[in-house]
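The structure appears right after this line, and notes come after that.
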Amino acid sequence: MESFIINRYLNAVLTRGCTGSPINTAPSDPRCYATPKSHMKKNISICYLCGKSISDDIGKDHVPPKQFYARELRRKYGPNLFTLLVHPSCNKAYQKDEDYFVHSVGPVAMESYSGKALWGDISDRCERPQNKRIVQMVLKEFDERPSGLILPFGKVAKRFDGPRVWRVVWKIVRGLFFKEIGQVLPDDLPIRCEMLSPGENPPPEYDIVRTAPPLGQYPAVFDYRYIGIPEKMYLWAMLFWDRIIMFVGFHVPGCTCKICT
Ligand SMILES: [Zn+2]
Ligand SMILES: [Zn+2]
């Protein structure tokens with residue numbers, strides 16, 4: 001379990017969670033399929049999750065997940081959300097972790113406009129009996145005295161299941177990478193991830209990605225930037241619900257840099 005610290009009103013202030021393999025872990029997976037963007041516009045379809053072609057069993061996946069956009073906002077603004085074609089079965093394998101992500105990480109952003117709207121969705125779902133399990137699980141992640149640590153008055157820790165959170169984040173990055181660069185990245189590529197608590201300043205090593213242009217369709221809900229050396233390495237910065245910043249760094253499969261070879 002990883003955690004960040006937030007106050008009683010879910011306003012985070014301290015610490016950061018960090019997991020994943022260090023960026024200098026050599027990727028050994030040769031899977032990396034070049035798909036020029038021009039191909040994507042035609043009807044040649046590749047599932048960005050498994051790298052195989054899609055013929056008859058066609059599904060659509062929202063990148064980022066549709067449920068990141070609260071129902072209230074979708075109703076009000078009718079956003080035209082970005083989707084990629086996928087095999088429905090490939091997509092379904094992430095459903096439970098995406099639900100978990102929204103219920104576990106989403107509440108931390110509840111002070112922003114989009115986070116508050118999302119909180120409305122989460123509260124509605126909490127009332128339904130079929131969601132009892134996930135609600136109880138997430139409630140247990142709030143802790144006023146994590147590992148006996150005494151926190152400043154009014155603060156409470158919010159733990160989260162790192163592997164599940166990062167699995168969802170990596171899926172989003174893979175989707176965005178396919179959109180921007182046109183290549184499929186494997187699910188098990190070694191990556192380095194870092195999450196900041198709301199209000200926490202990013203460490204200076206991330207300054208470089210903050211100079212890249214923001215590319216989010218609806219930045220109040222989800223925004224992202226990236227920098228990269230083609231065929232070598234990339235660093236992505238993402239902003240969830242205008243509150244939570246996450247970074248993902250990785251070397252692409254087949255990278256020929258000194259570290260990888
Ligand atoms: Zn697939
Ligand atoms: Zn490398």
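The values are calculated or read from the model by the stated rules, or taken from the named source; none is laboratory data. The model shown is predicted, which means the values in this text are computed figures rather than measured ones. Here the Cβ positions follow ideal geometry from the backbone for every residue, glycine too, while neighbour counts run over all protein chains shown.
Residues that are within 14 Å of ligand 1 (Cβ to nearest atom) and outside any loop (DSSP other than H, G, I, E, B) were ranked within segment 76-94; the one that is surrounded by the most Cβ atoms within 10 Å (Cβ to Cβ) is Val86. Residues in segment 53-75 that are polar (S, T, N, Q) and either surrounded by fewer than 19 Cβ atoms within 10 Å (Cβ to Cβ) or within 16 Å of ligand 1 (Cβ to nearest atom) (or both): Ser53, Ser55. Where strands (runs of 3 or more DSSP E) sit wholly within segment 159-261, those with at least 2 residues that are over 30 Å from Leu73 (Cβ atoms) occupy 222-229, 244-251. If you scan segment 225-244, which residues turn out to be β-branched (Val, Ile, Thr) and surrounded by fewer than 21 Cβ atoms within 10 Å (Cβ to Cβ)? Across segment 225-244, the qualifying residues are Ile227, Ile229. Evaluation of Val138 against the conditions (1) closer than 17 Å to Asp99 by Cβ; (2) modelled with pLDDT of 95 or more; (3) not charged (D, E, K, R) shows that the sole unmet condition is (2). Within segment 218-230, identify whether any single residue is farther than 23 Å from Ser104 by Cβ and of a type in the set (Asp, Glu), and answer yes or no. Within segment 218-230, none of the residues are farther than 23 Å from Ser104 by Cβ and of a type in the set (Asp, Glu). Before we move on, is Val184 touching a residue at least 24 places away in the same chain (Cβ under 8 Å) and more than 27 Å from Pro107 (Cα to Cα)? It is true that Val184 is touching a residue at least 24 places away in the same chain (Cβ under 8 Å) and more than 27 Å from Pro107 (Cα to Cα).
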